[in-house]
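Let me begin by presenting the structure, written as structure tokens, before commenting on it.
The values are calculated or read from the model by the stated rules, or taken from the named source; none is laboratory data. None of these values were measured; they are calculated from a predicted model. Here the Cβ is made from the backbone with ideal geometry for all residues, glycine too, and neighbour counts use every protein chain on show. Just the protein is used for accessible areas: all its heavy atoms, side chains included, with ligands, DNA and RNA removed. Shrake-Rupley method; radii C 1.70, N 1.55, O 1.52, S 1.80 Å.
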Amino acid sequence: MTEFDAVWLNANLATMQAGSEPYGAITDGAIAVKDGRIAWLGPKSELPAFDALSTPLYDVQGQWLLPGLIDCHTHLVYGGNRANEFELRLQGASYEAIAKAGGGIRSTVKATREASAEQLFVLGKDRLNALLSQGVTEVEIKSGYGLDLASEQKMLQVARELAVHHPIRIHTTFLGAHALPPEFSDSDAYIDYLCQTMLPELHRQQLVDAVDVFCEGIGFSVEQSHRLFETATALGLPVKAHAEQLSNLGGSALVAEFGGLSADHIEYLDEAGVQAMAKAGTVAVLLPGAFYFLKETKKPPIELLRRYQVPMAVATDLNPGTSPLCNLPLMLNMACTFFALTPEEALLGVTRHAATALGIRDAGTLAVGNKANFGCYAISQPAELVYQQGVNPLRQLVVAGRQLQI
């Protein structure tokens with residue numbers, strides 16, 4: 001007789017595994033967990049014999065189970081907000097005028113530097129709680145609002161501390177190459193500082209899981225990004241990039257050259273870049289929240305990504321300046337309405353493909369051996385999660401095999 005820690009019965013499973021059925025669906029199924037991982041799943045009629053008297057059973061009465069959702073691109077730890085800039089822009093102020101008045105990313109850098117670790121922890125936990133209530137069980141958190149060693153270290157330490165005290169699993173990304181800090185007037189000198197001092201020290205402290213760069217005309221060049229990626233690779237860290245958001249510099253192809261995890265935004269990505277990403281297995285991370293908030297009109301090349309079978313992830317890009325949207329289900333709807341993804345593509349983007357974008361192999365699908373992270377939703381079909389917004393259908397959230405209060 002098989003031993004399980006708990007069994008969920010009478011469930012429809014959207015496993016999000018590749019196969020002949022949309023969403024990897026198994027109707028009238030069951031899922032069993034042991035030691036925090038999925039021990040068995042399949043049609044209920046094939047469930048192995050187990051001790052039903054001593055094993056907790058959950059009858060979900062035909063509701064849908066989906067893998068825990070993954071937000072693979074956030075800037076979740078930051079101080080202050082930029083609501084005043086939002087209001088000023090609506091009144092006609094330009095980005096340049098706001099920046100000259102001390103606004104823009106520098107205002108967030110100032111607020112983040114001035115905030116204590118405790119204050120950043122409380123703010124970050126509130127945002128994580130909001131995502132958890134939506135069924136999110138994995139989140140990437142980038143640095144990049146400190147831009148000096150002490151402040152970047154503080155941000156990453158807060159992210160690590162949040163991982164200790166929150167059920168969401170957190171992946172940290174070093175984004176020191178987010179913008180030029182006020183202490184530097186030369187971007188080459190700042191890249192040297194990142195490569196020679198900041199990144200090696202933060203890596204020594206085991207605070208970094210991956211390295212990102214804003215490769216853009218208003219950010220850092222391809223050559224500068226290349227130097228940072230060389231340093232990251234020498235330290236054994238995977239790379240990714242904010243790339244092709246405002247122009248086509250070739251940042252996505254650079255990520256692919258290094259076998260990187262993802263190229264994110266990618267509105268101006270061309271066919272050569274798509275081909276490079278396809279060859280390297282690099283994920284395209286779509287960020288419809290920033291597209292919406294900035295009122296952009298240039299859309300990512302979805303048909304090219306489909307043609308070359310580049311996996312597409314979807315994320316919030318939660319940040320105070322260009323996507324102050326702590327709502328991953330809303331991103332599903334936006335990805336479909338703005339970028340014409342199908343509901344299945346959108347849900348793959350916050351499950352299986354988001355896991356690939358973070359380089360993790362034990363989440364993103366309902367599969368034997370994976371972490372037992374899944375949500376139970378009162379929906380008639382998976383597409384309903386993408387279609388309806390504002391009403392939360394999540395009825396139960398399981399993390400590492402344990403039901404959480406949400």
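Which of the peptides 271-281, 165-175 is most tightly packed, and how do the rest follow, going by the mean number of other Cβ atoms within 10 Å of each residue? Let's see the in-between values first.
Details: 271-281: 18.8, 165-175: 20.5.
The packing order, highest mean first, is 165-175, 271-281.
Tally Lys and Arg at +1 and Asp and Glu at -1 over the other residues with C-beta under 13 Å from the C-beta of Ser107: what net charge comes out? Please report the intermediate quantities before stating the final value.
On the way: positive: Arg82, Lys100, Arg106, Lys110, Arg113; negative: Glu85, Glu114.
Taking every Cβ under 13 Å from that of Ser107, the sum is +3.
Starting from 0.36 nm per residue, how many nanometres of slack lie between Gln405 and Glu114 once their C-alpha separation is accounted for?
Extending this stretch completely gives an extra 101.4 nm.
In degrees between 0 and 90, to the nearest 10, how far off the longest principal axis of the chain does helix 271-280 point, with axes built from Cα atoms?
60 degrees
Residues with beta-carbon under 12 Å from that of Cys195, excluding Cys195: net charge, scoring Lys, Arg +1 and Asp, Glu -1?
Result for the local shell: -3.
Run the dipole for region 1-105 about the Cα centre, Lys and Arg Cβ at +1, Asp and Glu Cβ at -1, nothing else charged, and hand back the magnitude in debye, nearest 20.
440 debye
Send over the Kirkwood Rh of the chain, from the inverse of the averaged 1/r over different Cα pairs, rounded to one decimal Å. Numbers along the way, then the final one.
Values: mean 1/r = 0.0461 Å⁻¹.
Answer for the chain: a Kirkwood hydrodynamic radius of 21.7 Å.
If you build a Gaussian network model of the chain, linking Cα atoms that sit under 10 Å apart, which residue out of Ser133, Ser221, Ser54 swings the most?
Highest fluctuation among the options: Ser54.
At q = 0.10, 0.12, 0.22 Å⁻¹, what is the base-10 log of I(q)/I(0) for region 207-298 according to the Debye formula with one equal point scatterer per Cα and no solvent? Please give it to two decimals.
Those come out to -0.23, -0.33, -1.04, one per q.
Quick one: if you stick a label point 7 Å off each Cα along the C-beta vector at His165 and Asp362, how many nm between them?
About 2.5 nm, to one decimal.
With both bridge residues required to lie in region 34-190, what share of the DSSP beta bridges run antiparallel, to the nearest 5%?
Of those bridges, close to 10 percent are antiparallel.
Express in % the proportion of alpha carbon pairs of region 71-187 at distances exceeding 19 Å.
Summing the P(r) of region 71-187 above 19 Å gives 49 percent of all pairs.
With every protein chain in place, what's the accessible area of Ser45 (1.4 Å probe, Å², nearest 10)?
110 Å²
Calculate, for region 18-77, the solvent-accessible area per residue in square angstrom, rolling a 1.4 angstrom probe over the heavy atoms of the protein chains. Show your work: numbers first, answer last.
On the way: 2640 Å² over 60 residues.
Solvent-accessible surface per residue comes out at 44 Å².
Accessible area per residue of region 186-276 at 1.4 Å probe, in Å²?
36 Å²
Suppose the chain between Lys298 and Met1 were pulled fully straight at 0.36 nm per residue; how much longer would it get relative to their current alpha carbon spacing?
Taking Lys298 through Met1 to full extension adds about 101.1 nm, to one decimal.
When the accessible area of the chain is computed with all protein chains present and a 1.4 Å probe, what percentage of it is carbon and sulfur?
Details: 8350 of 16410 Å².
Answer for the chain is 51 percent, counting heavy atoms of protein chains only.
Full-extension gain between Asn81 and Ala272, please, as 0.36 nm times their residue separation minus the C-alpha to C-alpha distance.
65.0 nm
Which Cα, out of His203, Gly19, Ala243, lies furthest along the positive dipole direction of the chain (beta carbon charges, K/R +1, D/E -1)?
Of His203, Gly19, Ala243, it is Gly19.
Using alpha carbon centroids, what distance separates region 13-57 and region 241-278, in Å?
Taking the Cα centre of region 241-278 as reference, the centre of region 13-57 is 38 Å away.
Connecting C-alpha atoms closer than 10 Å in a GNM of the chain, tell me which of Ala284, Ala355, Ala18 has the biggest fluctuation.
Most flexible of the set in this elastic network: Ala18.
Taking only DSSP H segments of four or more residues, each worth -39500 (n - 2.57), what value at 222 nm results for the chain once the sum is divided by all its residues, to the nearest 500 deg cm²/dmol?
Helix-only estimate at 222 nm: -10000 deg cm²/dmol.
List the lysines whose alpha-carbon lies under 23 Å from that of Lys110, not counting same-chain residues fewer than 8 positions away?
Excluding near neighbours in sequence, the set is Lys100, Lys125, Lys142, Lys154.
Toward the positive end of the charge dipole of the chain, about the Cα centre and with charges on Cβ (Lys, Arg +1; Asp, Glu -1), which of Ala383, Thr55, Val136 goes farthest?
So the residue furthest toward the plus end is Thr55.
Would you mind computing, in nm to one decimal, how far apart the modelled labels at Ser380 and Glu21 are, each placed 7 Å from Cα along Cα→Cβ?
Output for this residue pair reads 2.0 nm.
Check cross-link reach from Lys279 to the lysines: straight Cα distance under 22 Å, and skip same-chain residues fewer than eight apart.
Lys240
With charges only on Cβ, +1 for K and R and -1 for D and E, what is the dipole size of the chain about its Cα centre, in debye, rounded to 20?
Rounded to the nearest 20 debye, it is 460 debye.
Less than 20 Å apart at the alpha-carbon level, and either on another chain or at least 8 residues along: which aspartates and glutamates does that give for Lys44?
Leaving aside aspartates and glutamates fewer than 8 places away in the same chain, those within reach of Lys44 are Glu3, Asp5, Glu21, Asp28, Asp59.
Between Glu230 and Arg106, with labels modelled 7 Å along Cα→Cβ, what's the label distance in nm to one decimal, could you check?
3.1 nm
If we restrict to alpha carbons, what Rg and Dmax does region 291-376 come to, in Å?
13.9, 42
Nearest 10 degrees is fine. How inclined is helix 149-165 to the longest principal axis of the chain, computing both from alpha carbons?
Once rounded, one gets 10 degrees.
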